[in-house]
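S.K.: Before I ask anything, here is the structure I am working with.
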Amino acid sequence: MGTENKVCRETVSVFKEFNIKRQYETKHEEKFGYLKGELRVTKLEAFKKDIHTQNVSNLSKKQNSTKTNVVQASNKVANLIASETKPLSEGDFIKKCILTVVEEIIPEKLELFKEISLSRNTITRRVENKGNNILTQLQNKAPDFKYFSLALDERVGFFTKYRTTGADIFEKVDLCLQDLKLDWRNLSCITTDGAPNMRGENIGFVGRVNKLLKLKNIEPPINIHCIIHQQALCGKVIGLEHVMSVVTKAVNFIRSHGLTMSNHRQFQSFLLEIEAEYNDVVYHNHVRWLSRGKVLKRFFDLREEIEMFMIDKGKQILELNTTT
């Protein structure tokens, strides 16, 4: 490996006195040959000091760059956790996974990866900072909006701690619009899911908005059903009650608890014994209507196991019997 000449920044291929002397005589003697005695010593010390300063500066830049990369890595993980709606405490587990992989593949970099902070407090702070930044940008831009629209679904329940009625949702959205200095009269469209607390004409969120605008003699906004829930629309048109009644009855029986060993525990043990794909069925929640699809999928995936269990219990489900 060559050695860099600190005077001209060129590299000497072989670090020997002859090579260095030859480069000096051909490249630098004309410029520095006049330096003799104390003047030469002074100039040499100045060169040494300059080189030391540059080395310290380069080291500092490298350390700052590394620190920046570590912070950026922590921020990106926080963004992933937030975008995937994972618990903020997941950062600690993710770091354990990262360190395990690094230790196996590039152990010499382990200490560097240990510097990435992914603790619950750090992830919480980073997510809050990002949220505050987005809110600040929105607050700065919102007063210039000529029109705006709202998109909400049943998960808007995070607004309130205990209830998610149409009145609660309306109250929180109203406060949000006030904070952003947005006027209801500029609302052009509302997109919601099919939950009653959203679309109810009398006490639902949409109904309350329409009543407010009517009192102000303002044309009500366009009301659109959320396009990401097309399956829910199809389910309403087709009608699934003849299916859901059978499924709900079976699931309620399986998950019921008696004085002795419950059907639920027996069913779970049965699935474990036959090594089924899933270890349980799930309840259908009428409030969270989107759970219907999950219930039906799990029931369908376990339909053979459910049929065997119900027959054993003397509760045969005729709809599952393909021979009838």
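Rule-based calculations on the coordinates, nothing more; no lab input. Computed from a predicted model, the values in this text were never measured in an experiment. Note: ideal-geometry Cβ built from the backbone for every residue, glycine included; neighbour counts use all protein chains shown.
S.K.: What is the gain in length, in nm to one decimal, between THR26 and GLU45 on full extension, counting 0.36 nm per residue of separation less the C-alpha to C-alpha distance? Walk me through the numbers before you get to the answer.
M.R.: Numbers: separation 19, 0.36 × 19 = 6.84 nm, distance 2.26 nm.
Here the segment from THR26 to GLU45 would lengthen by 4.6 nm.
S.K.: Let me ask something else about it. Please tell me which of these pairs span more than 31 angstrom C-alpha to C-alpha: LYS67/LYS96; LYS214/LYS297; LYS294/LYS315; LYS214/LYS294? The partial results should precede the final answer.
M.R.: Values: LYS67/LYS96 20 Å; LYS214/LYS297 43 Å; LYS294/LYS315 23 Å; LYS214/LYS294 39 Å.
Checking Cα-Cα distances, LYS214/LYS297; LYS214/LYS294 exceed 31 Å.
S.K.: Set the Förster distance to 35 Å, then compute FRET efficiency between ASN217 and ASP144 from the Cβ-Cβ distance, nearest 0.05.
M.R.: Numbers: r = 25 Å, r/R0 = 0.72.
So the FRET efficiency works out to roughly 0.90.
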